[in-house]
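This report refers to the structure that appears directly beneath it.
The values are calculated or read from the model by the stated rules, or taken from the named source; none is laboratory data. Small disclaimer: the values here were computed from a predicted structure and weren't measured. All Cβ positions, glycine included, derive from the backbone under ideal geometry; neighbour counts span all protein chains shown. The area values use the complete protein model at the heavy-atom level, side chains included, leaving out ligands, DNA and RNA. Shrake-Rupley method; radii C 1.70, N 1.55, O 1.52, S 1.80 Å.
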Amino acid sequence: MGILLLLTSEALKGRPMFNPIRQSDAWGDGYFGASRGDRPHLGVDYVVNEGEVIYAPCDMDSFNLSYPYSFGTNDTYILTGARFNTKIDGVNFDGRLWYFTPYSHLFGRDIPKGTPIGVAQTLQHRYAGITDHLHFQLRTETETSDSINYKGWYYVDPYNWV
């Protein structure tokens, strides 16, 4: 299974590199399955800079606002992202891309890969000292041979994406 990781303007310029996976910081690691206490990390965290334009990493159907955390009326800084559906090599996935401010005029639409979809947020208000990043995760009901399954969430190896 393979998809092209196309997150930032640097990737769109055709540079032969992808955004790096977040390395160990005071809050942990960004690889799939990294420890989150009593559970595994269910996505992959890709390093970005606050304010950077984010591009669709794959075709995104039913693009809508998503919140990575529940929040209360006392929260002054709300982190957001998007929920979407995508099909990769004939397999349907439910996806999440968090820690960016999505462009609201795209909600409810189908978004082609490479389309600008929003602007990266900082996580410093919630996790001082963490590396700013995008969290990307996929899930499906169909097991695939080259993905790792943690209770329905799947990881597509970024080093094998085409």
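A few remarks follow.
The rows are residues; the columns are (1) in a strand (DSSP E or B); (2) modelled with pLDDT of 85 or more.
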residue	(1), (2)
Tyr69	no, no
Asn74	no, no
Tyr77	no, no
Asn92	yes, no
Gly95	yes, yes
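- In region 114-137, the residues that are in a loop (DSSP other than H, G, I, E, B) and either aliphatic (A, V, I, L, M) or crowded, with 22+ Cβ neighbours inside 10 Å (or both): Gln121, Leu123, Ala128, Ile130
- The residue that is most open to solvent (accessible area, probe 1.4 Å), counting only those in region 45-64 that are aliphatic (A, V, I, L, M) and over 17 Å from Lys113 (Cβ atoms), is Val47.
- Considering region 1-37, and only residues there that are among the charged types (D, E, K, R) and at pLDDT 85 or above, the residue that is least open to solvent (accessible area, probe 1.4 Å) turns out to be Arg22.
- Residue within region 83-98 that is in contact with a strand residue (DSSP E or B) (Cβ under 8 Å, 6 or more places away or on another chain), open to solvent by less than 50 Å² (accessible area, probe 1.4 Å) and of a type in the set (Gly, Ala, Ser) present: yes
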